[in-house]
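First the structure, in the form of C-alpha cells, and then the observations on it.
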Amino acid sequence: MVTIKEVAERAGVSTSTVSRALSGKIPVNDETKQKVLLAVKELNYQPNVLAQGLKDGKSRTLGLIIPNVRNLVFPAAIRGIEDTAKKHGYTVVLCNTDEDVETEKFYIDNLRRRLIDGFIFSTARPGHEYLLELKDEGFPVVFLIRQMGEDVDTITVDNFKGAYDATKYMLLRGLKNIAFINGHMDIFLYQQRFEGYKKALEEAGFPFKEEMVVHEVYGWEDGYQAMTNLLKKNLKIDGVFATSDPKAIGVIRAIKDFGLKVPDDISVMGFDNSDMAPLLDPPLTTVSQPFYEMGAKACERLIKIIEAKKKPKAKVEVLPAEIVVRKSVV
C-alpha cells in the first residue's frame, strides 16, 4: 500500500504539495506537478478517487477492521459502533482479517481508494505499523481494544488493573496456586494482563511460578488443551485465571473432563463478560469490559476527527474494568 508520504518523498516535495498537484484545485508550477505525476506513476499510487469527487470530500462511510468476527468480544462493540454511526448519518463497512496481514492490507487498499472517510481498527499488533501510515496520509484512524502507542486515538480498557483486581479477588478467596492462561504476548493487552497478575501475586507475598503460566492461547480449544496439559503435571492448582472468556470456557471443560469440579476443586476466572458467561455451568465469574460503550466511544471519536476543521490531538482513553461475581470462583 503506497502512501502519499512515499509519493512526496520520491518527488522531493511535501505531502500537501502532492495533494494540491493531484486535486487540481490549487495552482502548482508545471515542474513540480510533473515530478509528482512521475512519482505517482513509478509507485503506482492510487489516491482516494471517490473522496476527491465528492462535494465535501466525504462519503459518510466508516471502515471497521476486526481480526475475527466470531470472537465473543466483538458483537457488542460492533453494535455500539453501528448505533453511533447511524445516529450521525454514517454507514459502517465491516471487514474481517482473520489476523492475516495481507488480507488486512487488501481491505485497506480497496476501501481507502474508494469510499472510506476513516477507519476503526481492532487488529493492532507488532508488524502492523503500516496502520500508522494511514494517519500520516491524512486518514482519520481510531484503534479499539488493542492499541499501538500513544500517538494515535485509542479506546481501550484498563487491562493491567482488571487482571490485578481479578487475581487479588481470587487470592482473597483463599486460593493459593492460581494458574494463568494468557493470549499472544505480542499483543499489548495480554502483556498488561500478565503484569497485573504478577503484581497481585507479588503484593500478596506469593511467589511467581513460571510452570503455572501458559501464553499463546487463542480460543476455547487452545484453552482446553492448555488446561489439560497443566492438569497432567499435577501442580496442585486450586484456581485458574484465563485472560478471555473463550479461554475460560475451554478451561472449565478440561477440568470437568479430568473428573474435577468447578469451583469445588478448581476455581476459574475469565476476562470479558461475554454474553455466554452467565450461561455456563457454573456461571462464569469474570472481568467485565464495556464493549458497547467502547465501540460507541471509538465511533464518536472517529466522527469528531473526520468533521473537525482542526484535527484534535491524539488521545488514548482507558475505560475501567470491573469484576462480575458469579459461581465459578469459591
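The values are calculated or read from the model by the stated rules, or taken from the named source; none is laboratory data. If you're wondering where the values come from, they're calculated on a predicted model, not measured in any experiment. FYI the Cβ positions are ideal-geometry reconstructions off the backbone, even for glycines, and counts take in every protein chain you see. We work out accessible area using only protein heavy atoms, side chains counted, and drop any ligands, DNA or RNA first. Shrake-Rupley method; radii C 1.70, N 1.55, O 1.52, S 1.80 Å.
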Pairs where the first residue, in region 252-272, is within 18 Å of Gly174 (Cα to Cα) and open to solvent by 10 Å² or more (accessible area, probe 1.4 Å) and the second is among the β-branched types (Val, Ile, Thr) and in a loop (DSSP other than H, G, I, E, B), C-beta under 6 Å, 6+ apart: Pro263/Val329; Pro263/Val330
Go through region 207-226 and give me each residue that's surrounded by 14 or more Cβ atoms within 10 Å (Cβ to Cβ), of a type outside the set (D, E, K, R) and within 18 Å of Tyr190 (Cα to Cα). Met212, Val213, Val214, His215, Val217, Tyr218, Gly219, Trp220, Gly223, Ala226
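Kindly indicate which of Phe188, Phe180 is open to solvent by 40 Å² or more (accessible area, probe 1.4 Å) and of a type in the set (Phe, Trp, Tyr).
Values: Phe180 fails: open to solvent by 40 Å² or more (accessible area, probe 1.4 Å).
Only one candidate qualifies: Phe188.
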Identity of the residue in region 173-192, in a loop (DSSP other than H, G, I, E, B) and of a type in the set (A, V, I, L, M), that ends up farthest from Ile237 (Cα to Cα): Ile187
Can you work out which of the residues in region 25-34 that are open to solvent by 60 Å² or more (accessible area, probe 1.4 Å) and either part of a loop (DSSP other than H, G, I, E, B) or among the hydroxyl-bearing types (Ser, Thr, Tyr) (or both) is modelled with the highest pLDDT? Asn29
So Lys247 fits all but one of (1) part of a helix (DSSP H, G or I); (2) modelled with pLDDT of 95 or more; (3) out of contact with any helix residue (DSSP H, G or I) (no Cβ under 9 Å at 6 or more places or on another chain); what number is the exception? (3)
Region 108-133 - residue that is under 17 Å from the mean Cα position of the chain (by Cα) and in a helix (DSSP H, G or I) and, of those, modelled with the highest pLDDT: Ile108
Looking at the structure I just gave you, is Gly223 over 30 Å from Glu150 (Cβ atoms), at pLDDT 95 or above and either polar (S, T, N, Q) or in a helix (DSSP H, G or I) (or both)? yes
So in region 273-316, with the set limited to residues that are closer than 17 Å to Thr156 by Cα, assigned to a helix (DSSP H, G or I) and among the aliphatic types (A, V, I, L, M), which one is most open to solvent (accessible area, probe 1.4 Å)? Ala296
Count of region 61-89 residues which are at pLDDT 90 or above and in contact with an Asp or Glu (Cβ under 7 Å, 6 or more places away or on another chain): 7
Among the residues of region 155-172 satisfying the criterion of being open to solvent by less than 40 Å² (accessible area, probe 1.4 Å) and not in a helix (DSSP H, G or I), which is nearest to Ile305 (Cα to Cα)? Ile155
Pairs where the first residue, in region 98-109, is of a type in the set (S, T, N, Q) and the second is open to solvent by less than 60 Å² (accessible area, probe 1.4 Å), C-beta under 9 Å, 6+ apart: Thr103/Cys95; Thr103/Asn96; Thr103/Thr97
